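The values are calculated or read from the model by the stated rules, or taken from the named source; none is laboratory data. Everything numeric here is computed off the predicted structure, so don't read it as measured data. Cβ: placed from backbone, ideal geometry, glycine included. Neighbour counts: every protein chain shown.
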Amino acid sequence: MFDPLVIRKQFPSLSLTVGKFPAVYFDGPGGTQVPQQVIDAVTHYYLEMNCNTEGAFLTSQKNDQMLANAHAAMADFFNARSPGEIAFSLNMTTHAFNVSRAIGKMLKPGDELVVTVLDHESNVSPWQVLEEYGVKVQTIDIRTEDCTLDLRDLDSKLTKRTKVVAIGYASNAVGTINPLKEVIARAHELGALVFVDAVHYAPHGPIDVQALDCDFLACSAYKFFGPHVGVLYGKQEVLDQLPVYKVRPAHDRFETGTQNHEGIAGALASLEYLAELGRQYGGNYFDRYPGMKGRRLHLKASLSLIEAYEQQVFGRLIQGLQQIPGVKIWGITDKNQLNRRTPTAAFTIQGFSPREVTEPLGKQGFFLWEGDFYAQALIERLGLFESGGVVRLGLLHYNTDEEVDRFLSALEVLVRRR
Ligand SMILES: Cc1ncc(COP(=O)(O)O)c(C=O)c1O
C-alpha cells in the first residue's frame, strides 16, 4: 500500500522545522522537494562523470551514457516515440522562446496564434512577441464561475488562419486541467500546431504525448522532484521541419551549448524515483496501460497512483476550506468534478489580503505562495490583481491528511481572531 509517511522519509528536506513548527510544504506548484536519490545522483555526477560529452575516456563515456539514459527516461515519462524527441535545457520558458522563435520564421502577416487567459505567461509572451512578424494573437477567455476555458470562445477563435495553439495542460494558479485532446484534434483539423505547457500538470498525472497527439510539450524537472532543468518533447516530423538556430558543429538544435549535466543526472534520478514508486505500489494501475512495460509502465502507474492519492487529500482540503467563513475558492469546487483539476487550490478570504494570510501562517511553518504566479492574465481577469491575487495551496503526493487538518485549524484560528 502507498503510505505517504514512508514516502516522506525519502525526502530529507521535509523534516525541516520553523521554530517549534514542522515545515508543511504546500508550495509545490512553485517547485517540489527532492528525494535523497536525486541529491545522490547530482553528487555522483560530480564524483564520477564530471566532464564534457563524446570523449574517448571513462568520465566522458559515463556522462554520455547518463545523458542517453536521461533522454530515454523522459521519453518513457511522456510516452514519446523515441529519445530523439526529447531535449533538455535551462527551463520551460527558454524552450518556449526557442520554439516560438523558430516557428516565427515560418509565419506570414495575417497568420494567427492562439493563447489562453488561463496560461502562465511563459506560454503567452513567447507567442505574443511574434506580433513583430505581423501575426495576430487571439486570446481564449475563461468561464469565471469555475475558471475553465470557454470552449465556445475557443471555437470562434480557431480558424484556418491559426498556425499555433499554445495551451497549458493545467493552470498553475487554479488547477484547471484543460480538455487537451479535444483542443488538439480541433487545432489539427485546421492545420495548426499545438504547444502544451505541462509544467504544472507533470507531478500530478500521467502524460502521454502520443495519445494527446500534441506537437510540443514542455515541462520542468524542478516541478516533479528533480533539479532546475527544462524538458521539451517535440514530435519528430515537426522537429525535422523547424528552422531552429544552431551552432555549426553542434548535433542538437534545442540543446544549445553545454547542458546542465548534473541537473540532468538529477532529473533522471527523479524519474527513477517515480518509476520505483510505480513498480512498488502502482500494480493496480498496470491494466490501464496495455502494451507498455518496464520503466514506461512504472512511470505511468506511478502518476496514476499519485493522482488517486492526491485527489483524496484534496477533497478533504476543499471540504474544510468551504467551511471557513469568508473563504472563496477560485476554480472547480464540485466534489464530483475534482478529477478535472490538479490538487492546487487558489482562494481569497474576505477582509484579508493574500499576504495577510501567507505571512502569519508562514511563521507557523506553512509554506504557501500568494500573488499571481505569472498567471497574470487570469488573476487580472478575475479582478484580483490590484488586491494582491490569491493564496495558493498546492498538494503533492508527499503531503498528508494530517498536514491538511493542521492547516485548516490554523487558518480557522487566523480568520476567527479578526
Ligand atoms: C504552468 C507553468 N508554466 C511555466 C512555468 C515556467 O517554468 P520555468 O520556470 O521552467 O521556465 C511555470 C513556473 O512556475 C508554471 O507553473
**Item:** Single match in Ala23, Ala56, Ala75, Ala87 (criterion: of a type outside the set (Ser, Thr, Tyr), more than 16 Å from the ligand (Cβ to nearest atom) and closer than 30 Å to Gly291 by Cα)
**Value:** Ala75
**Message:** polar (S, T, N, Q), more than 16 Å from the ligand (Cβ to nearest atom), outside any loop (DSSP other than H, G, I, E, B) and on the phi < 0 side of the Ramachandran plot: is that true of Gln138 in this structure?
**Reply:** yes
**Request:** May I ask you to say which residue of Ala80, Ala70, Ala87 is assigned to a loop (DSSP other than H, G, I, E, B), in contact with a Phe, Trp or Tyr (Cβ under 8 Å, 6 or more places away or on another chain) and modelled with pLDDT of 95 or more?
**Result:** Ala80
**Message:** Conditions first: (1) within 16 Å of the ligand (Cβ to nearest atom); (2) over 21 Å from the mean Cα position of the chain (by Cα). Pro29 passes all but one, so which condition is the exception?
**Reply:** (2)
**Item:** Residues of region 158-181 that turn out to be out of contact with any Phe, Trp or Tyr (no Cβ under 7 Å at 6 or more places or on another chain), part of a loop (DSSP other than H, G, I, E, B) and among the polar types (S, T, N, Q), as a count
**Value:** 2
**Prompt:** Ala308 versus (1) of a type in the set (A, V, I, L, M); (2) buried (at least 17 other Cβ atoms within 10 Å of the Cβ); (3) assigned to a helix (DSSP H, G or I): which is the lone unmet condition?
**Reply:** (2)
**Prompt:** Quick check: is even one residue across region 266-279 surrounded by fewer than 22 Cβ atoms within 10 Å (Cβ to Cβ) and in contact with a Pro (Cβ under 6 Å, 6 or more places away or on another chain)?
**Reply:** no
**Request:** Spot the failing condition for His251; the list is (1) in contact with a helix residue (DSSP H, G or I) (Cβ under 9 Å, 6 or more places away or on another chain); (2) at pLDDT below 95, and only one is missed.
**Result:** (1)
**Asked** If you take the residues of region 55-67 that are hydrophobic (A, V, I, L, M, F, W, C) and outside any helix (DSSP H, G or I), which of them is surrounded by the fewest Cβ atoms within 10 Å (Cβ to Cβ)?
**Response** Ala56
**Request:** Would you mind finding the one in Val199, Val194, Val244, Val231 that is within 16 Å of the ligand (Cβ to nearest atom), at negative phi and part of a loop (DSSP other than H, G, I, E, B)?
**Result:** Val199
**Item:** Filtered residues of region 27-41 (kept if crowded, with 20+ Cβ neighbours inside 10 Å and part of a helix (DSSP H, G or I))
**Value:** Gly28, Pro29, Val38, Ala41
